[in-house]
Amino acid sequence: MTKEFKKLKAYRQLKGINQSAMADLIGVSLNTYNFKENGKKQFTLQEAKSISDYFGVTIDEIFFNDSVNIKLTNTA
């Protein structure tokens, strides 16, 4: 059984990105992305890499570190 990815959701919401845009980013349907973010299906390694690259953090930071504290950095 997989787990819900609350930190991924927090990063996504912080950036103002909806699930549809994330689904497009990793090349899956909205329904599939929703299942993955909510822990009903697993992300592939390539999907996890694409997501971590997009947010500029490590795979570990999003998918394995359960702390939801996110540092806000100015990327402008």
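The values are calculated or read from the model by the stated rules, or taken from the named source; none is laboratory data. For clarity, every value in this text was computed on a predicted model and none was experimentally measured. All Cβ positions, glycine included, derive from the backbone under ideal geometry; neighbour counts span all protein chains shown.
Structure values in brief
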{"quantity": "Residue list for the range 47-62, filter: in contact (Cβ under 8 Å) with a residue 40 or more places away in the chain and more than 23 Å from Leu30 (Cβ to Cβ)", "calculated": "Val57, Glu61"}
{"quantity": "The range 27-76 - residue that is aliphatic (A, V, I, L, M), over 18 Å from Gln13 (Cβ atoms) and surrounded by fewer than 12 Cβ atoms within 10 Å (Cβ to Cβ) and, of those, modelled with the lowest pLDDT", "calculated": "Ala76"}
{"quantity": "Subset of the range 5-17 (residues that are exposed (fewer than 15 other Cβ atoms within 10 Å of the Cβ) and touching a helix residue (DSSP H, G or I) at 6+ places or on another chain (Cβ under 8 Å))", "calculated": "Lys15"}
{"quantity": "Among (1) under 9 Å from the mean Cα position of the chain (by Cα); (2) at pLDDT 95 or above; (3) not charged (D, E, K, R), the one test that Ala10 misses", "calculated": "(2)"}
{"quantity": "Tabulated pairs, the range 1-26, first among the acidic types (Asp, Glu), second in a loop (DSSP other than H, G, I, E, B) and modelled with pLDDT under 95, C-beta under 6 angstrom, 6+ apart or interchain", "calculated": "Glu4/Asn38; Glu4/Gly39"}
